[in-house]
Amino acid sequence: MTTKEDCLQRDIQDPLRDLRDEFNLPVDTIYLDGNSLGVMPRAAPGRVAQVVTQEWGTDLIQSWNKHGWFQMPGKVGDKIARLIGAGPGEVVATDSTSVNLFKVLSAAMNIAAADAPQRKRIVSERSNFPTDLYIAEALCKQHGMELVLVEPEEIAASLTAEVAILMLTHVNYRTGAMHDMATVTAAAHAEGILTVWDLAHSAGAVPVDLKKAKADFSVGCGYKYLNGGPGAPAFVWVNPLHADRFWQPLAGWWGHAAPFAFTPDYQPAPGITRYQCGTQPMISLAALECGVDTVLGAEPFGGMAALRAKSLALTDLFIQLVEERCAGHGLGLATPREHALRGSQVCLTRDEGAYAIVQALIARGVIGDYRAGDGGRHKDILRFGFTPLYIGFVDVWNAVEHLKQVLESGEWKRPEFNQKHAVT
Ligand SMILES: *Cc1c(COP(=O)(O)O)cnc(C)c1O
């Protein structure tokens with residue numbers, strides 16, 4: 001049996017322990033929701049204040065040159081590239097994940113229409129994050145294509161000669177299950193199918209190597225494990241093989257080869273720059289850079305590989321302690337036990353009261369979240385994200401202790417915990 005003392009020792013021996021000092025961790029809180037909104041980096045308020053008071057407040061329009069504003073999407077993109085196995089100049093931080101997905105999916109459809117016009121299908125997972133499916137559905141309507149949704153175990157068999165694009169999220173938001181990007185991409189390519197990978201729950205959470213996997217297109221989120229702040233710019237990567245082949249449809253002036261030539265016609269910039277649309281939010285990009293820097297802060301200690309090792313240790317411990325200490329309370333595990341199949345979150349199921357249990361935990365300062373089931377294969381879920389940059393082993397112990405008490409006392413049955421809020 002693991003004890004709290006064991007957890008304390010593991011924190012003391014953790015080489016990544018001091019990285020939590022880079023964060024403004026709220027007091028009396030165990031924050032297990034960095035997979036929805038990462039904790040604020042300590043550097044962010046000062047940096048944002050500097051952009052506001054100095055760069056905007058004093059230098060105004062000169063800041064585009066003087067403070068490198070115009071280069072910010074590429075500068076932050078280059079930092080993100082180091083976390084996802086992309087090269088310098090191949091990533092831009094810009095717009096939202098949804099908007100970037102629209103761009104890359106459109107570009108992929110253009111390539112498919114040119115190279116394999118008989119292929120009219122996009123395949124994705126039924127439990128993919130809804131915005132990804134909505135964007136794909138809308139584009140399919142526009143392009144006379146068909147969106148086919150399958151379960152994870154059906155993906156291999158769905159890769160047929162009718163399929164143009166396989167669009168997947170690397171780590172599933174609902175279950176925390178992770179695909180083997182290289183294997184799945186190779187299987188798609190063997191059938192002549194392009195791949196689009198959403199890294200929303202991967203970037204900064206698990207090692208990703210887009211180039212080694214030979215992925216075609218990728219997008220990801222800035223406000224989850226990259227700690228970029230609410231509504232932070234997202235990012236987009238396109239394999240250099242494809243980057244110059246087609247325009248993306250949001251052909252705004254920031255994607256033009258010479259925006260300040262002000263020509264009436266569009267000439268796309270080479271490479272990833274054409275995936276920018278219009279003027280970018282400098283205050284948000286500055287905050288995002290602080291967030292990305294917190295992840296890069298792990299580089300001297302082994303980088304993403306070290307973060308991954310700690311993340312697996314944390315999620316293993318959580319699963320073990322829940323099973324040891326909360327047995328008999330009807331909890332199930334929706335997240336794969338096998339390391340290779342697991343992201344950086346653990347999802348528990350319960351037939352009754354999942355929402356209220358999460359609310360009772362939040363009242364105790366243990367912040368997780370709840371995702372409703374689909375009435376079928378997916379049950380209601382209590383979701384806990386483990387960001388190895390700032391979560392420790394004693395945090396895991398304490399979170400499970402609270403969960404145990406909430407279940408044993410039945411306090412989750414109180415009416416105030418059963419009131420649904422707009423955001424769950
Ligand atoms: C969080 C998340 C998004 C978020 O998209 P926004 O455009 O930022 O709202 C998209 N896709 C996936 C898979 C996500 O997990």
Out of all DSSP beta bridges in the chain, what portion is antiparallel? Express it as a percent rounded to 5. 55
For q values of 0.10, 0.11 Å⁻¹, compute log₁₀ I(q)/I(0) with the Debye formula on a Cα-only model of the range 68-296, without solvent. -0.41, -0.50
Among the lysines, which have Cα under 20 Å from the Cα of K404 when same-chain residues fewer than 8 positions away are ignored? K4, K413
Find how many whole Å separate the alpha carbon centroid of the range 155-206 from the alpha carbon centroid of the range 79-101. 17
Looking at this model, which pairs from K79/K379; K79/K214; K103/K420; K224/K420; K141/K212 are more than 31 angstrom apart at the alpha-carbon? K79/K379; K103/K420; K141/K212
E408 to V150: extension gain in nm, 0.36 nm per residue of separation minus the Cα-Cα distance? 89.0 nm
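If you add up the charges near M145, with Lys and Arg at +1 and Asp and Glu at -1, over every other residue whose beta carbon is less than 11 angstrom from its beta carbon, what do you get?
+1
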The chain, Gaussian network, Cα under 10 Å: of P233, P73, P259, the residue fluctuating most is P259
About the Cα centre, and with charges only on the beta carbon of Lys, Arg (+1) and Asp, Glu (-1), how big is the dipole of the range 68-296? Nearest 20 debye, please. 320
Give a residue-ordered list of calculated ³J(HN,Hα) values for the range 308-325 (Karplus: 6.51 cos²θ - 1.76 cosθ + 1.60, θ = phi - 60°; whole Hz; x for Gly, Pro). 5, 4, 5, 4, 5, 4, 5, 5, 4, 4, 4, 4, 4, 5, 4, 5, 6, 9
Can you give the local net charge around G176? Use residues other than it whose beta-carbon is closer than 9 angstrom to its beta-carbon, Lys and Arg +1, Asp and Glu -1. +3
Comparing I61, I135, I193 in a Gaussian network model of the chain (Cα, 10 Å), the one with the largest mean-square fluctuation is I61
Would you compute, from DSSP H runs of 4+ residues alone, the mean residue ellipticity of the chain at 222 nm, taking -39500 (n - 2.57) per run and dividing by the full residue count, rounded to the nearest 500? -11000 deg cm²/dmol
In straight Cα distance, which lysines are under 19 Å from K66, not counting same-chain residues fewer than 8 positions off? K75
List, in order, the whole-Hz ³J(HN,Hα) value for each residue of the range 332-341 obtained from phi through the Karplus relation with A = 6.51, B = -1.76, C = 1.60 and θ = phi - 60°; use x for Gly and Pro. x, 10, 9, 9, x, 6, 5, 3, 5, 9
Just the number, please: carbon plus sulfur as a percent of the accessible area of the chain, 1.4 Å probe, no ligands or DNA/RNA counted. 56
Under 5 Å between amide hydrogens, which residues at least 5 positions from V92 or on another chain qualify, with H placed 1.01 Å from N in the peptide plane? V236
Rounded to whole Å², per residue accessible area for the chain with a 1.4 Å probe reads 41
Which of the aspartates and glutamates could a cross-linker span from K120 if the Cα-Cα distance has to be under 20 Å and same-chain partners fewer than 8 positions apart are dropped? D132, E137, E146, E151, E154, E162, E191, D216
Can you compute the radius of gyration and Dmax for the chain, using only the Cα atoms, both in Å? 22.1, 71
For T58 paired with M1, estimate the spin-label separation in nm (one decimal), with each label point 7 Å from Cα along the Cα-to-Cβ line. 6.1
Taking H placed 1.01 Å from N in the peptide plane, check which residues at least 5 places from F129 or on another chain put their amide H under 5 Å from its amide H. Y173
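The values are calculated or read from the model by the stated rules, or taken from the named source; none is laboratory data. The structure presented is a predicted model; accordingly, all values stated were derived computationally and were not measured. Cβ: placed from backbone, ideal geometry, glycine included. Neighbour counts: every protein chain shown. Just so you know, the surface numbers come from the protein's heavy atoms only, side chains and all, with ligands and any DNA or RNA stripped out. Shrake-Rupley method; radii C 1.70, N 1.55, O 1.52, S 1.80 Å.
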